[in-house]
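Written below as structure tokens is the structure these notes are about.
The values are calculated or read from the model by the stated rules, or taken from the named source; none is laboratory data. Bear in mind that the values here come from a model prediction, so they are computed numbers and not experimental data. Note that each Cβ is placed from the backbone with ideal geometry, even for glycine, and that neighbours are counted across all protein chains shown. Calculation scope for accessible area: heavy atoms of the full protein, side chains included, ligands and nucleic acids excluded. Shrake-Rupley method; radii C 1.70, N 1.55, O 1.52, S 1.80 Å.
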Amino acid sequence: MCGIVGYLGNKNTKEILLEGLKELEYRGYDSAGIAVLQDNDFESFKAVGKLINLEEKTKDFITDKFAVGIGHTRWATHGKPTELNAHPHLGNSSYVVHNGIIENYAKLKKELMDEGVVFLSQTDTEVIVHQFEKNLKSAANPFEAFGKTVKELEGAFAILLVTKEEEKTIFFAKQGSPMLVGINAENEKYFASSDTPLIGHCSDVNYFEDGDYGYVTADEIFILDKMDNQKQPHFSKLTQNKLSAQKDGYRFFMEKEIYEQTTVIADTLMGRLGVEEILFDELENGLFDGINEIKLCACGTSYHSALSATYLFERYSKIKTSVEVASEFRYREPIMSKDTLFVVISQSGETADTLETLKMAKNAGLKTLVICNVDNSSMVRLADASILTRAGIEKGVASTKAFATQVTVFWMLSLYIAKLRGSLEAGEIARQITLLREIPVCVKVADSMHEKIKRLSKRYLHGHGFFFIGRDIFYPLALEGALKLKEISYLHAEGYPSGEMKHGPIALADPELFTIALLPQHLLYEKAKSNVEELSARDSTICAISPLEFDKADDFIQISTCQDYMQEFFEMMVVIQLLALEISIRLGNDVDMPRNLAKSVTVE
Ligand code: AGP
């Protein structure tokens, strides 16, 4: 998640921008920059890494008069974390910062390059400032050029743009990515992508709505809505609690990140869904040449998303696929063949065991791919190819949105490989893509669902343990549900394939054994249902999660009637995440920082 700040006023613009970016550090970033326009003269600074590097670069830069300024912290999605790719991006007389993904950037970039525009970066963002300056040539004024530019963009964006053509003005646009403007008694204007940079500077804020665009000057906030009707800002009092603001008002970062899944999965999909094909412009065509097998390797939750992928790759891509726990793989003297694509999965890109297996595969001469959330991490730098999940920083130690975006990437990758191998008809790929487009909706948390789980969680605070059970791809989801519960509630839980009950585990069945049963309508429902009935018949306390009513359950959480089992997968994923969250909260645990755990296990 990138961070945006903007300022218009007479104070020390550089300090205000840097301070604002510091307040956004919690969102995660790999580079940062600012641009300031004062006395019709631009100064811009960018740095890779932590903000202290940017501060060092700006230490001799003084801003002691009226100025407009914009700043940005970047979480790489298009293009490596480098100074050239850092924002703000420059045209001839304008700078822009942007949060989100411009889905049609490649088309706009090609048109501009064909007209002789020279691009300095690999980013999607840079097209905005060049498109604006192209439109300036024919527009009556800079705002008309800006409005035209905004309407030519597709995707998600929060934009701030400053230009010498209208030097005492900041232009803004909001579509799909958050942004707000704050005011105070000194006629200053503050912009940010979330509340925290404005706390202590502004009394009142206006949260822009999708489609809003306009400009601010010292005396005016001019807003047009998506129908080009002028609208007045709607000011509300700004919270003064920074930590609460960082959590956007949620109780824990984990809760916030569960709710964020609907937006981050939209980012994961952005620019990658064709009509009948998946587009991974970060993958070279030859990556899969000569590949007859895929081996996946990871730890913890990332292992669970990898296990999910084995079902998708063998069912859709018709390619032999296996999965390994990294800590086991690295010591069992595995046989590796060069027709195997070795895929590591890691939210952090730094997990020691997983990183070591990646080195083993490279040393054995295998092609390697990493599915990762952090660009420029050790694994991204080492692998032959990488696909970024675009989940943004994940603060909660218990992984949620990272898992959701990993599975989303694997689903897309299974279709991408299916097209390469001709293992799925174009129509089926198109159908699956239609299902994928619905996933951001599937994972949106309904208040009624959350309330139900909050109430129901009071019954699951004791007992001698939990079984999470599921069949097929719902088995890795059961494993994930058990891990979520274990790591934040400290209650014992195990994930099992539903069909395993009669091979021993059912000996534990009694009223104090809580079984969370995943019963998708569209995948082996009758088989899974009979496994649950085995447990229910032996008086285990059953909590069934299904779109279909199930009368043998003690508790029943109904999800939507979906078109496909993968939509059921994502809906059930949210349920098991919320269940673990609410049980842990009732037990009074530190949900975000569970005992004994670290967010990234960089040691063996
Ligand atoms: C899961 O909630 C944990 N955070 C943990 O299992 C984690 O998935 C594992 O340590 C792997 O981390 P990685 O994805 O950063 O490699």
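Does the stretch 102-114 contain at least one residue that is in a strand (DSSP E or B) and surrounded by 18 or more Cβ atoms within 10 Å (Cβ to Cβ)?
yes
Identify the residue in the stretch 480-519 that is over 13 Å from His462 (Cα atoms), aliphatic (A, V, I, L, M) and touching a Phe, Trp or Tyr at 6+ places or on another chain (Cβ under 7 Å) and, among all such residues, is farthest from the ligand (Cβ to nearest atom).
Going through the qualifying residues, I end up with Leu519.
If I ask for residues that are without any contact (Cβ under 8 Å) to a residue 40 or more places away in the chain and assigned to a loop (DSSP other than H, G, I, E, B), which ones from the stretch 280-293 would you list?
If the condition is that a residue be without any contact (Cβ under 8 Å) to a residue 40 or more places away in the chain and assigned to a loop (DSSP other than H, G, I, E, B), then Asp289 is the only one that fits.
Do the conditions hold for Leu477, that is, is it without any contact (Cβ under 8 Å) to a residue 40 or more places away in the chain, touching a strand residue (DSSP E or B) at 6+ places or on another chain (Cβ under 7 Å) and either β-branched (Val, Ile, Thr) or open to solvent by less than 10 Å² (accessible area, probe 1.4 Å) (or both)?
Taking the combined requirement at face value, the residue does not satisfy it.
Take the residues of the stretch 436-451 that are in contact (Cβ under 8 Å) with a residue 24 or more places away in the chain and either surrounded by fewer than 17 Cβ atoms within 10 Å (Cβ to Cβ) or more than 26 Å from the chain's Cα centre (by Cα) (or both): which is nearest to the ligand (Cβ to nearest atom)?
Lys444
Restricting to the stretch 343-393, give me the number of residues that are assigned to a helix (DSSP H, G or I) and within 14 Å of the ligand (Cβ to nearest atom).
Matching residues across the stretch 343-393 total 11.
If you scan the stretch 278-303, which residues turn out to be open to solvent by 20 Å² or more (accessible area, probe 1.4 Å) and within 16 Å of the ligand (Cβ to nearest atom)?
Cys299, Gly300, Tyr303
Filter the stretch 580-599 down to residues that are assigned to a loop (DSSP other than H, G, I, E, B) and open to solvent by less than 40 Å² (accessible area, probe 1.4 Å) and give me whichever is modelled with the lowest pLDDT.
Per the criteria, the residue is Pro594.
Only residues in the stretch 388-406 that are within 16 Å of Gly481 (Cβ to Cβ) and open to solvent by 10 Å² or more (accessible area, probe 1.4 Å) count as the first member; pair them with residues that are within 11 Å of the ligand (Cβ to nearest atom) and in a loop (DSSP other than H, G, I, E, B), Cβ under 9 angstrom, at least 6 apart or cross-chain, and list the lot.
Ser399/Gln347; Ser399/Lys599
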